[in-house]
Amino acid sequence: MSTVPPRSRVEGRIRRDGPSRVKQVVFLVCGVVAGALLSVSAPRIESQPLWLLALIPSLWVAMIGLIVVSAWRTKTVVAEVARTWVGPVEYLAAGSGVAGVVPYLTGDTGIARLVGNGLLVFALFLVGLAAFGYLHRWRQRGASASLRARSVRTLGLVTSTGLQEFAATSNPKMARLTVEFTDNAGTRRWLTPTAFQVPANPIGIDDEVVVWFDPEDPGDIARIVVEFDNGVSRIIRTR
């Protein structure tokens, strides 16, 4: 292992604030109301053109809301802010579900009812998709916690930032680091974790990162967790 002291060292993960729950609720309610107005106004435009005054703003609100919540969820992944509970899937599920129920409440028939049925099926599909995603993340958190409980913690050293593979620009990059660590048997090993690198404050050469590995099988990449976050750049995943 190198004796060069780390240039910066922040262990663990830094939680950053995302949009408030009130703001998320406001956007969700606006999306639901917009979906309801779209469902009411669309079948009536041909006979009552004034319904365009409800349809056009509702369509605009629904699209803007979808863009905003999608940006929130993307920021969750890229900038490591606290995960929002309203994302594009949840937003579309709520809006589509309400829009699908409206034809039953207003007594619409024919094409309007058929479209409503389709929206309800779509909403149920999205609910299932969201439930699967939440279950998957819950299992991942449980697996990581279980791995740490039975693993050995050591420090690895960054030997390559991965930024040399990109043009010298200031925009963030998804780069492959090279991390060297020594296991409990004294064997030197190398990992190539994926990192979110901000060139203005990257994970640099000689930075120390936390490495968790299974002492019974230190070469099993599936049982290795690498952690580092300097407040700007961070390691996203081990592989």
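The values are calculated or read from the model by the stated rules, or taken from the named source; none is laboratory data. Quick caveat: nothing in here was measured; it's all calculated off a predicted structure. When we count neighbours, we look across all protein chains shown, and the Cβ atoms used for this are built from the backbone with ideal geometry, even at glycine.
Looking at (1) within 30 Å of ALA93 (Cα to Cα); (2) polar (S, T, N, Q); (3) buried (at least 18 other Cβ atoms within 10 Å of the Cβ), can you tell me which one GLN140 breaks?
(3)
Have a look at VAL225, VAL211 and point out the one that is surrounded by 16 or more Cβ atoms within 10 Å (Cβ to Cβ), modelled with pLDDT of 85 or more and within 28 Å of LYS75 (Cα to Cα).
None of the others qualify; the one that does is VAL211.
Hydrophobic (A, V, I, L, M, F, W, C), without any contact (Cβ under 8 Å) to a residue 12 or more places away in the chain and surrounded by 11 or more Cβ atoms within 10 Å (Cβ to Cβ), is that true of ALA149?
Criteria not met by ALA149.
Between residues in the stretch 48-65 that are farther than 22 Å from VAL89 by Cα and residues that are modelled with pLDDT under 85 and surrounded by 14 or more Cβ atoms within 10 Å (Cβ to Cβ), which pairs lie under 8 Å by C-beta distance while being six or more apart or on different chains?
Sorted first by the residue in the stretch 48-65, then by its partner, the list stays empty.
Of (1) loosely packed, with under 13 Cβ neighbours inside 10 Å; (2) farther than 30 Å from LEU37 by Cβ, TYR134 satisfies all except one. Which?
(2)
Would you mind finding the one in ARG139, ARG176 that is modelled with pLDDT of 80 or more and assigned by the TED database to the domain that holds ASP206?
Numbers: ARG139 fails: assigned by the TED database to the domain that holds ASP206.
The conditions single out ARG176.
Given the stretch 19-124, what helices (runs of 4 or more DSSP H) lie entirely inside it while holding 2 or more residues that are among the hydroxyl-bearing types (Ser, Thr, Tyr) and either in the same structural domain as ASN171 (by the TED database) or under 27 Å from ARG137 (Cβ atoms) (or both)?
The qualifying helices (runs of 4 or more DSSP H) are 52-78, 88-106.
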